[in-house]
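The values are calculated or read from the model by the stated rules, or taken from the named source; none is laboratory data. All figures in this text were calculated on a predicted structure; none of them were measured in a lab. Cβ coordinates were reconstructed from backbone atoms using ideal geometry, including for glycine residues, and neighbour counts include every protein chain displayed. Each accessible area value is taken on the protein alone, full model and side chains, heavy atoms only, with ligands, DNA and RNA left out. Shrake-Rupley method; radii C 1.70, N 1.55, O 1.52, S 1.80 Å.
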Amino acid sequence: MNEKKAYRIFVDGEWREASGGRTYPVVNPATEEVLAHVPDASPEDMDRAIRAARRAFDEGPWRKTTPEDRARILRRIVDGLERRKEEFRHLLVANAGATYVTHYIQLDVAIRILAHYAELAVKFPFEEPLPPATFDNPMYPGVTSALLVRQPVGVCGLVPAWNFPLFLTLQKLGPALGAGCTVVVKPSPFVPLVDLTLAEIVAECDLPKGVYNLVVGESPELGARLVESPLVDKISFTGSAATGKKIMAAAAPTLKRVHLELGGKSAAIVLDDSQLDAWVMATSSPSFFHAGQGCAMCTRVLVPKRLHDTFTSKVVDFLRSTVRPGDPADPSTLLGPVIREERRRKIEEYIRSGEREGARLATGGKRPEDRPKGYFLEPTVFCDVRNTMTIAREEIFGPVLAILPFEDEEEAIRIANDSPYGLGGAIYASDTAKAIELAKRIRTGTVNINGGVTLLDAPFGGFKESGIGREGGIWSFYEYTEMQTIAWK
Ligand code: NAD
């Protein structure tokens, strides 16, 4: 990485410095080294980007493009990403602390998803006939025909979370551009380098000016400006429930569309011990890859009371033998750093709360002694956790797992559902049919059974405080379009 590289924001088809030439340093969470100085945009820069996106939507040639034109542009972005894939891999490691084990999703699947959005752009029913009216209008007798048109929703503010930066931006950018919207992207201040590099690719894809804008800066005021602006039609946000609530309130005066992909406190239920060793690995590893910084990870593991102690000691053995904190630049590392020192301190407060409230610390809980630099934490497991404890209720977003005992299936379902969140979930059971029936009783957006994975075309999103709306496949196109009915006699 070149620390001297002069990064710019991209507004109205031009590379610009942030107003006043202000910059801020971006840090590698594994080494604490400064990777680059990037623009620290002001609210005025954001306003300029919003006005550009509005003009491009209302007056520019973008609205006249066909789905095929837009798919071609998405495919050009995919080609650019493929060409610079190794550069992105390096950025994901250095800026997001992403271990290689996460790269399949962070990089390969991310690019594939964009290619899939290009395919879907030409398949999506932007126009379709509606069935003839079933009643006659006495004022205008005769057969009425009608057309359902799905119009682009308009100017979209895209605000992804930092933890899967390329994946989350492409998950929004693909359907937004594919549907014919114009966008202002506001990445997390923690990981701007991925979006700044993506912008270099997008800038070469012949988009009309103002269709794609990138504004980077440290202040939460930038996102707030986007949400409040009467010129913006929709916000697609991925981040914490706390910020999601602020966004919903701030969007109310302009009644803009709000799509929220928020946090979770998902539960994995282990129903029996038919494959206990496999399920120990399956339930414990996701909470530590990417240092537990994933929205849908099952950070509560529910096990039958009779298996609780055996299960816990197997988890501890697995972690001690396999999952040591290390440099994410080393491909064999499974557990990297958390993103910031202040986030590490917050996680440590959660660990203290677990001890204070009576959970049993089975392993970890400290900073690793052999890593004086970087925001590392030992993989941490609490057992004998009760669902009323803070570590079972709040999203920790760090390498901390809670194991909770249950008496019977009814109690397991009750505990799984007793959460303000409703994002993910998992069931491990010898009887798949029974697990599917139980899954239907869990109030979350996704439930994976025995390691089943979410498909490219599956809708992803949350019940309750985990969000509003769904991302993924064709479902994303519905989120970036408005339905219009045109009826004629
Ligand atoms: P965050 O809420 O701290 O911040 C997200 C973004 O919001 C940042 O870019 C920030 O600058 C911006 N922001 C802050 N205040 C704002 C405001 N008032 N108006 C508009 N924007 C504002 O979240 P984070 O730490 O970046 O991400 C972690 C969270 O994201 C976790 O809760 C995680 O579960 C969630 N997440 C959810 C999904 C999902 O698909 N459901 C995926 C990944 C991460």
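At a glance:
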{"item": "Long-range amide H partners of GLY217 with built H, under 5 Å", "result": "ALA41"}
{"item": "Nearest-10 value in Å² for the accessible area of SER188, using the 1.4 Å probe", "result": "20"}
{"item": "Cα-based helix-to-principal-axis angle, 192-202 vs the chain, degrees rounded to 10", "result": "40"}
{"item": "Angle in degrees between helix 308-322 and the longest Cα principal axis of the chain, rounded to the nearest 10", "result": "70"}
{"item": "Whole-percent carbon and sulfur share, accessible surface of region 418-471, 1.4 Å", "result": "57"}
{"item": "17 Å Cα-Cα reach of LYS366 towards lysines, excluding residues that sit fewer than 8 places from it in its own chain", "result": "LYS346"}
{"item": "Linear extension gain, LEU148 paired with ASP108, 0.36 nm per residue minus alpha-carbon span", "result": "10.8 nm"}
{"item": "Size of charge dipole - region 332-408 - debye, nearest 20, with Cβ of Lys, Arg +1 and Asp, Glu -1, no other charges", "result": "380"}
{"item": "Distance from region 341-368 to region 421-489 (C-alpha centre basis), Å", "result": "32"}
{"item": "Rg ratio (alpha-carbon, reference 2.2 N^0.38 Å) - region 269-332", "result": "1.19"}
{"item": "Residue-normalised accessible area of the chain, given per residue in Å² at a 1.4 Å probe", "result": "42"}
{"item": "Rh by Kirkwood over Cα pairs, then Stokes-Einstein D for the chain at 1.002 mPa s and 20 °C, µm²/s", "result": "91"}
{"item": "Cα pair distances of region 1-124 binned at 5 Å [whole percent]", "result": "2, 10, 13, 14, 16, 19, 15, 8, 2, 0"}
{"item": "Rounded Å value of the spacing that divides the Cα centres of region 103-160 and region 161-216", "result": "21"}
{"item": "Dipole of the chain, positive end: most advanced residue of VAL232, ALA203, LEU120 [Cβ charges, Cα centre]", "result": "VAL232"}
{"item": "Positive-end residue of ALA392, THR444, GLY473, charge dipole of region 379-477 with Cβ unit charges", "result": "GLY473"}
{"item": "Principal-axis tilt of helix 110-123 within the chain, Cα atoms, nearest 10 degrees", "result": "40"}
{"item": "Amide H contacts of LEU335 (H built 1.01 Å from N, under 5 Å, at least 5 apart or other chain)", "result": "ARG324, GLY326"}
{"item": "Histogram of C-alpha separations across region 105-167, 5 Å bin width, %", "result": "4, 13, 11, 14, 14, 11, 8, 7, 6, 6, 4, 2"}
{"item": "Cα radius of gyration and Dmax for region 358-489 (Å)", "result": "19.7, 77"}
{"item": "Nearest-20 debye value, the chain charge dipole, Cβ charges on Lys, Arg, Asp, Glu", "result": "580"}
{"item": "Among THR144, LEU166, ILE269 the positive-end extreme of the charge dipole of region 132-291 (Cβ point charges)", "result": "THR144"}
{"item": "D_trans [Stokes-Einstein, Kirkwood Rh over alpha-carbon pairs] for region 289-443, 4 °C, 1.567 mPa s, µm² s⁻¹", "result": "79"}
{"item": "Simple Cβ-charge dipole of region 270-351, Lys/Arg +1 and Asp/Glu -1, about Cα centre, in debye nearest 20", "result": "220"}
